[in-house]
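Below is one structure, written out as structure tokens; the observations come after it.
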Amino acid sequence: MVEIRIHGRGGQGNVLAAYLLATAAFFEEKFSQAFPSFGAERRGAPITAFVRIDATPILRRSQVTSPRYLILADDGLLRVSETLSGLSPEGAILVNSSHAPEDLRKRLEEEGISLGTGLRIATIPATRLAMEALGRPIPNAPLLSAFLSLTGILSTESLGRAFAGRFSGDLLTKNLALVSSGASLVSENLWKEPTHA
Amino acid sequence: MSSQPSVDTTALRKLQPRFSGIESGHGACQGCGQALAARLVLEAAGPDVIVANATGCLEIFTTPWPQSAWNVPWIHSLFENVAAVAAGIEVALRAQGRTTRVLAFAGDGGTFDIGFQALSGMLERNHDVLFVCFDNEAYMNTGIQRSGSTPHGAWTNTSPAGRVRQGKRHFKKDLLTIISAHGIPYAATASVAYPSDLRAKVRRALDVSGPSFLLLHSPCPLGWGHDSAQTISVDRLAVETGLFPILEMERGKVVSSMKIRNPRPVREYALPQFRFRHLLMDTPEAREELEHLQALADANIERYDLLSEAPGPRDSGGADTVRRGGSRWG
Amino acid sequence: MRDVLEGSQAIARAVALCRPQVVAAYPITPQTHIVEALARLIADGLLEAELVSVESEFSAASVVLGAASAGSRSYTASASQGILLMSEVLYNISGLRVPVVLTCANRAVSSPVSIWNDHQDSMSVRDSGWIQLYCADNQEAVDTTIQAFRISERTELPVMVCVDGFTLTHTLEPIDLPEAGQVDAFLPPFRFSRSLSSARPLTQGTLVSPEFFTEMRSLQHGAFDLAEQEILAADRDFGALVGRDSGGLLRVEGDREATVGILAMGSVYGTLKDAHRSGLLGRPVRLLCLRAFRPFPSRAIREASEGLSDLIVLDRSLSPGSGGIVAHEIRSALYGSGRAPRIVNFVVGLGGRNVPGEIFQEMLEALEKDPPAFSIFDLDPEKLPLSKDPVLPTS
């Protein structure tokens, strides 16, 4: 079972992001589960959402406390200690950021925040891409697509299908374009887990 | 254009202390009309108040335990009973000979709908309470569902626009008339787009003894679907279309109304808001509904004689100076 | 038809498949998505029902009472404060023997104010005369909702389908939605025996003197025996149509020969079962998932507890001054049967506190250390206020 935690701010579509991943998994005949760690409706508040993907039915209903992957829709949240809590030391984080990973690490070091050297970090400027394509700072499409491309958990085609289930017309076309561009910004399967015999 | 004031009002404003009943740093959304309105109310009311607050956005975003944004004594009980809780506080203060004023804060849900019974009872028993309704025209804290205050035709999650429905079927409850029918000494509407008028009405309400009621139109950018930077301009349009008349009533009679010098068609109000977007579509149903909304606005204008060239009694001519709050403070 | 849906959406579709004529509701977190989904179906002409958006939960329950009394299949949903506000009407509906289905999106009860999941709301009305069924996952929520209409209409007792707020209502997962044909085969149109009608003008809801009250109340209580049968029959008959069951009155799983058992209700059972399957428990454990709380299935509890030396009973609510509610009723059911297990009651997950899989092993270890009969297992002493003085603003 793969457990993923998404961190972001209210209004960015992070709950939708979790739902989209779970939906994409469904299209690949996998079992999945997605839910938010919830608060009252409010834009800008820190939001956490959880995703589980497995080949067999998922029974666990607790919050994801030991994620293998983190997706951060807001790089400022790296300053919040809870964000990284429970992340496996060999885990990986995809951050929505205009800074390169090394740059991000350095900036955080300067603030006294040290990310483990074993921690794999990738960044893509998802907000900038979204602003250019959609005119709104909703980073989901490129961020999720980059994530799937890095991890190889699901195909970006399935992600596209998940978008098609919720959007139509111009908005769908633009999001699908972002799915393409997001994936192209990262190394495919860089984080892919070796499958054991 | 009115003449320039001879006093430097900016300097004057800096000299006069504002009472801040709600601290900044609370969790309201960007552009929240309710947060602005609540701040203005407390500025005018001053520190010697007790606030009873119904369930809703204001209560939620100001009090995430262990933090509180309130600088006045404050209690939240339930959704439907704030008028009764406030009445209880008022009775106790009277029994103890204390002159602190009692304010009841509620959203439109807690006033028009679930809180109505307790409100009516409080008014009927003549409690010395100022009941303030922050009207954002839907249940916003639970995720945008329609209330008795939601305007006709507005989209909400429980009055969505679809193939067979065009938003809320029913009309916005004429609450001010219902409140006034209780014969209370003072009831008024106000808008966050006219903060001087709003503050003046708070002071007026606190000057009467007996129950008073304020209905404050407070846009919700998230629920109305407009840019969070447009809260004030959107609400000005609510007033300028006639959809939200600015009135004062005493013992059931209208004693003043803010005239609309710059009347706008309802279409202009609908345009920046997602909740009315479906009324702007090029279909017979949409056109018909938009006409209905315009007719409602026109009916208000006629009923309250809102069109006029003359300035109203509280027109500040653009100068927005701060006054000390209430006749009982300082 | 298999789809991937948020629990609330799935429940709304299940309700729509049952063809209610009247839905009345008042918004309260975390039930809102259910009612909004029904509103959308109606707005798009996909469900022919009247949605009455009422001014409070008290009216929501009153509207469905009126509608069902007049012969229309009716539905409402609420949670927490809403359940309490409508509680007077809930007792009334049951006493009047009117069939209604209500989804309770389980949420804690104020004060302190909480929008998060626990069972205090439905437990608070356990004496209202409603059938109460708890769902462990969203598939059960869908299937139980559909079964609920039939159970209610056959027993003339209202049914409360309890679904953990957020944990289930806001979780997206694969669901098998039954076909309309399957539901129609299972659930015939509503024909209320005492419908308000001038063709047969019956008087409902009268004052009853001490001379007759006891017998009427006993009939209501007696109907819960029929309810037990109907709950089992509905699960069996619906199960035959869709190829899966919903847990009947009580599920027994895990290691049946184990001498230690853990009983849970609702979504936490999934985490428990997952912990067991992952070997986290460290020893054989019998798992009990209680689905029916009203009627309280005493006989099934006794049978399921055979051979146990210890039974951990999890409560997700609390009767202040008394302890865990489920545990009290379990103890009561087992009292007098000579080989009843030691019951250890752990309250856990109040106000939406996360219940991680690791906690169950801790509970099993605590069993060996002479635990008190009742405790709040996940209490964090460091969070208890240090002094009784309130916190004042510093300025």
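The values are calculated or read from the model by the stated rules, or taken from the named source; none is laboratory data. Here the structure is a predicted model, which means the values were calculated and not measured. Cβ atoms come from the backbone with ideal geometry, glycine included; neighbour counts cover every protein chain shown.
Miscellaneous remarks
- Screening C:SER111 with (1) part of a loop (DSSP other than H, G, I, E, B); (2) surrounded by fewer than 24 Cβ atoms within 10 Å (Cβ to Cβ); (3) in contact (Cβ under 8 Å) with a residue 24 or more places away in the chain gives one miss only, at (3).
- Only a single criterion out of (1) closer than 20 Å to C:LEU90 by Cα; (2) at pLDDT below 95; (3) among the aliphatic types (A, V, I, L, M) is not satisfied by C:LEU219, namely (2).
Conditions (1) in contact (Cβ under 8 Å) with a residue 60 or more places away in the chain; (2) touching a strand residue (DSSP E or B) at 6+ places or on another chain (Cβ under 6 Å), marked per residue:
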| position | (1), (2) |
| --- | --- |
| B:VAL102 | no, yes |
| B:GLY110 | no, no |
| B:ARG163 | no, no |
| B:HIS170 | no, no |
| B:ILE178 | no, no |
| B:ALA200 | yes, no |
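- Residue check, C:GLY279 without any contact (Cβ under 8 Å) to a residue 12 or more places away in the chain, outside the structural domain of C:ASN106 (by TED's automatic domain parsing), in a loop (DSSP other than H, G, I, E, B) and under 24 Å from C:ILE359 (Cβ atoms): yes
- Residue in the range C:246-260 that is within 14 Å of chain A (Cβ to nearest Cβ), in a loop (DSSP other than H, G, I, E, B) and in contact with a Gly (Cβ under 9 Å, 6 or more places away or on another chain) present: no
- Answer residue from the range C:19-35, given it is facing chain B (nearest Cβ under 10 Å) and farther than 18 Å from B:PRO160 by Cα and is surrounded by the most Cβ atoms within 10 Å (Cβ to Cβ) among those: C:PRO30
- Counting residues in the range A:10-31 that are of a type outside the set (A, V, I, L, M, F, W, C) and assigned to a strand (DSSP E or B) gives zero.
- Count of the range A:117-143 residues, restricted to those that are in contact with a helix residue (DSSP H, G or I) (Cβ under 6 Å, 6 or more places away or on another chain) and either part of a helix (DSSP H, G or I) or aromatic (Phe, Trp, Tyr) (or both), is 8.
- Residues in the range B:121-139 that are part of a loop (DSSP other than H, G, I, E, B) and more than 10 Å from chain C (Cβ to nearest Cβ) were compared, and the one that is surrounded by the fewest Cβ atoms within 10 Å (Cβ to Cβ) is B:ARG125.
- Those strands (runs of 3 or more DSSP E) of the range C:124-206 in which at least 2 residues are within 13 Å of chain A (Cβ to nearest Cβ) and either under 26 Å from C:GLY323 (Cα atoms) or out of contact with any Pro (no Cβ under 9 Å at 6 or more places or on another chain) (or both), considering only elements entirely within it, cover C:159-164, C:172-176.
- Some residue of the range B:199-216 being within 13 Å of the chain's Cα centre (by Cα) and of a type in the set (D, E, K, R): yes
- Positions within the range C:113-123 being out of contact with any helix residue (DSSP H, G or I) (no Cβ under 6 Å at 6 or more places or on another chain), closer than 18 Å to B:THR55 by Cβ and polar (S, T, N, Q), in sequence order: C:GLN120
- Within the range A:19-38, restricting attention to residues that are more than 7 Å from every other protein chain (Cβ to nearest Cβ) and aliphatic (A, V, I, L, M), the residue that is surrounded by the most Cβ atoms within 10 Å (Cβ to Cβ) is A:LEU21.
This table checks each residue for (1) within 13 Å of another protein chain (Cβ to nearest Cβ); (2) surrounded by fewer than 19 Cβ atoms within 10 Å (Cβ to Cβ); (3) not in a loop (DSSP other than H, G, I, E, B).
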| residue | (1), (2), (3) |
| --- | --- |
| C:GLU48 | yes, yes, no |
| C:PHE58 | yes, no, yes |
| C:LEU65 | no, no, yes |
| C:TYR75 | no, no, yes |
| C:GLY82 | yes, no, yes |
| C:VAL89 | no, no, yes |
| C:ILE93 | no, no, yes |
| C:CYS104 | no, no, yes |
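- Qualifying residue in the range C:308-330 (condition: more than 25 Å from C:MET123 (Cβ to Cβ), at pLDDT 95 or above and not in a helix (DSSP H, G or I)): yes
- Screening C:THR271 against (1) of a type in the set (Ser, Thr, Tyr); (2) within 14 Å of chain A (Cβ to nearest Cβ); (3) under 19 Å from C:ALA108 (Cβ atoms); (4) surrounded by fewer than 17 Cβ atoms within 10 Å (Cβ to Cβ) leaves a single unmet condition, (4).
- B:ASN71 falls short on exactly one of the conditions (1) within 15 Å of B:PHE131 (Cβ to Cβ); (2) touching a strand residue (DSSP E or B) at 6+ places or on another chain (Cβ under 9 Å), and that condition is (1).
- Put simply, of C:ALA340, C:ALA327 the only residue that is more than 14 Å from every other protein chain (Cβ to nearest Cβ) and touching a Phe, Trp or Tyr at 6+ places or on another chain (Cβ under 9 Å) is C:ALA327.
- When the helices (runs of 4 or more DSSP H) confined to the range B:1-119 are screened for residues that are more than 14 Å from chain C (Cβ to nearest Cβ) and within 24 Å of B:LYS201 (Cα to Cα), those reaching at least 3 such residues are found at B:9-15, B:33-45, B:82-96.
- So B:ARG267, is it away from every other protein chain (no Cβ under 14 Å), surrounded by fewer than 17 Cβ atoms within 10 Å (Cβ to Cβ), out of contact with any Lys or Arg (no Cβ under 9 Å at 6 or more places or on another chain) and not in a strand (DSSP E or B): yes
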